[in-house]
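A.B. asks: My questions all concern the structure below.
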Amino acid sequence: MKRWNIVLTGYGNVGRAIAMLLDERRERYRTVYGADVRLTGIRRAKAALANAKGLALDAITDEAFAAPQPFADFLAQARADLLIEAGPTDIRTGAPGLEHIRVALASGRHVIAVSKGALVVDGAALKALAETRGLALEVSGAAAAALPTIDLIRHATAGCPVLTVEGILNATSNALLDMMMDDGLGLDEALERARHAGIAEADPSLDIDGWDTACKMAIIATFGLDEPLTLDRLSVDGIRHVEADQLARWRAEGLRPRLVGRLERDGGRLTGSIALRACRPDNPFALVHGRNKAIRIETDGMGELAAMGGGSEPRATAAAALKDLEHILAAQC
C-alpha cells in the first residue's frame, strides 16, 4: 500500500474542514486506491506542526504548534508527498501561497490549491512548472469550490473547443442581490443581514466589486481552457452601484439581476468581463438563487452545457479540494 503524506497550509475554517474530511475518508482511500493517506503537517501564518508518522485530530492543538522553519524544511520534516494550499490569499502579490506552491513543486511535491492569490498572480508559470516536473497542480477549490467548473471543461467537453464560458461564481453577491430584490433592502442593509448570517465577510469588497468572480474566471481560463488570462485583461464591475429605482424597474419587468463572469473568443483572442446582468425568467441564471452558483459552457460540438448549485460553506470547499486528491490518487496509485 502506497503511503501519501499530506501537508496543509492554512488552518482556518476551510483548513479544519480539510483535516476532518481527510480523517473521515482514510478507509476509503485505502479501499479504493490502496493508499495510506495521512495528514503529517500543518503550517499556519506564524506556527507549524509536523509529524511524519501522522497527526491525529485530537493532537492538533494550539499548544502543539511551534515557530515555523523555512518552508522547504517544513516539507522535509513532514516527508510531504502533496501540499494542500488553503491559507490566506492576496490577489495582488500571491503571498504567502505563491512561495509555498513554488517550493513544493520545485521539490517534487504535488499541489492542490484552494487559495486564489498565487494562481491569479502567476498561475501560468506554476502550471508550466508542474507540467515540467510531471506533477499535479489541481485547483478546483479555487475556482468556485463545489461547483464543477474546471472539471466540466476538462472532462465533459474533452475534444470540443469551448467558445464561451459564463458563470455566477460568487455566492455572497448572489445572495445580496436576492435580498435586495425580494426584501426591498439597500446594499448596506443586505450586507448587515448577510454578515449576521455568516454569508458576508467583514470587508466584502472583493465580492461586491466583482474581483472574486474575476479571480475565478482568470483561474478557469488558465487551468480549464489552457489560455493564461490575468486580471488586467478583464473588464470588472460589481454590484455596489445598484440603486433602489433600478431594483424597482427590474421587479416590474420580471427580471433578476445577476453578477455574471464571461469568457469569450474575439478574433481568436480570449477576453473576459464581469458585469451585472438583468436576466429574463427564461434564462437559467435567473433560477440561481441565494448562495447557489452556476456555470454555462458553449462548445462547437456539444452545444451548451450547464451546472448549478454547489455549496459554499467550508466543508463544501474542502470536499472540492479532496475531489482533486481523488483524481491524483486515481492517476498515481
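Just so you know, all these numbers are worked out from the coordinates, no wet-lab data involved. The structure presented is a predicted model; accordingly, all values stated were derived computationally and were not measured. Using ideal geometry, Cβ is built from the backbone for each residue, glycine included, and neighbour counts are taken over all protein chains shown.
A.B. asks: Tell me, Lys127, Lys216, Lys293 in order of fewest to most beta-carbon neighbours within 10 Å?
C.D. replies: Working: Lys127 18, Lys216 27, Lys293 24.
Placing the least packed residue first, the sequence is Lys127, Lys293, Lys216.
A.B. asks: Which value in deg cm²/dmol, rounded to the nearest 500, describes the helix-derived mean residue ellipticity at 222 nm for the chain, given -39,500 (n - 2.57) per DSSP H run of n ≥ 4 and division by the residue count?
C.D. replies: Rounded to the nearest 500, it is -10000 deg cm²/dmol.
A.B. asks: Check the straight Cα-Cα distances from Lys127 and name the lysines below 18 Å, setting aside those fewer than 8 residues away within the same chain.
C.D. replies: Straight-line reach from Lys127, under 18 Å: Lys116, Lys216.
A.B. asks: Can you check what the Kirkwood hydrodynamic radius comes to for the stretch 1-142, Cα pairs only, in Å to one decimal?
C.D. replies: It works out to 15.1 Å.
A.B. asks: How about Lys53: which lysines have a C-alpha closer than 25 Å to its C-alpha, ignoring those fewer than 8 places off in the same chain?
C.D. replies: Qualifying lysines at Cα under 25 Å: Lys2, Lys323.
A.B. asks: Moving on to the next point. Which of Gly267, Gly198, Gly167 moves the most in a Gaussian network model of the chain with Cα springs under 10 Å?
C.D. replies: Gly267
A.B. asks: Another question, then. Please rank Leu57, Leu329, fewest neighbouring Cβ atoms within 10 Å first, as an exposure proxy.
C.D. replies: Ordered from fewest to most neighbouring Cβ atoms within 10 Å, Leu57, Leu329 come out as Leu57, Leu329.
A.B. asks: If I build a Gaussian network model for the chain, linking alpha-carbon pairs within less than 10 angstrom, which residue out of Pro228, Pro281, Pro148 has the largest mean-square fluctuation?
C.D. replies: Comparing Pro228, Pro281, Pro148 in the GNM, the peak value goes to Pro281.
A.B. asks: Another question, then. How high is the relative contact order of the stretch 1-68? Use alpha-carbon pairs under 8 Å, at least six apart in sequence, and give a whole percent.
C.D. replies: About 34 percent, as a whole number.
A.B. asks: While we're on this one: Just grab the label-to-label distance for Ala252 and Met20, each label 7 Å out from Cα along the Cβ direction, in nm (one decimal).
C.D. replies: Output for this residue pair reads 4.8 nm.
A.B. asks: Take every Cα pair under 8 Å in the chain that's 6+ residues apart, average their separations, divide by the length, and report that relative contact order as a whole percent. Walk me through the numbers on the way to the answer.
C.D. replies: Values: 675 pairs, mean separation 61.9, N = 333.
It rounds to 19 percent for the chain.
A.B. asks: Quick check: the distance between the Cα centres of the stretch 76-114 and the stretch 196-256, to the nearest angstrom?
C.D. replies: Result: 27 Å between the Cα centres.
A.B. asks: Local charge sum around Asp23 (other residues, Cβ-Cβ under 12 Å, Lys/Arg +1, Asp/Glu -1)?
C.D. replies: Result for the local shell: +2.
A.B. asks: Rank Asn170, Asn283, Asn51 by mean-square fluctuation in a GNM of the chain with C-alpha springs under 10 angstrom and give only the top-ranked residue.
C.D. replies: Evaluated over the chain, the most mobile residue of the options is Asn283.
A.B. asks: Using amide H atoms built in the peptide plane, which far-off residues or other-chain residues are under 5 Å from Cys279 H to H?
C.D. replies: Long-range HN contacts for Cys279: Arg256, Arg258.
A.B. asks: Quick one: compute the contact order of the stretch 73-191, relative version, from alpha carbon pairs under 8 angstrom and 6+ residues apart, as a percent.
C.D. replies: Details: 142 pairs, mean separation 21.4, N = 119.
In percent, rounded to a whole number, it is 18.
A.B. asks: Using 0.36 nm per residue, how much length does the chain from Ala59 to Glu189 gain when fully extended, once their Cα-Cα distance is taken away?
C.D. replies: Length difference between fully extended and current span is 42.6 nm.
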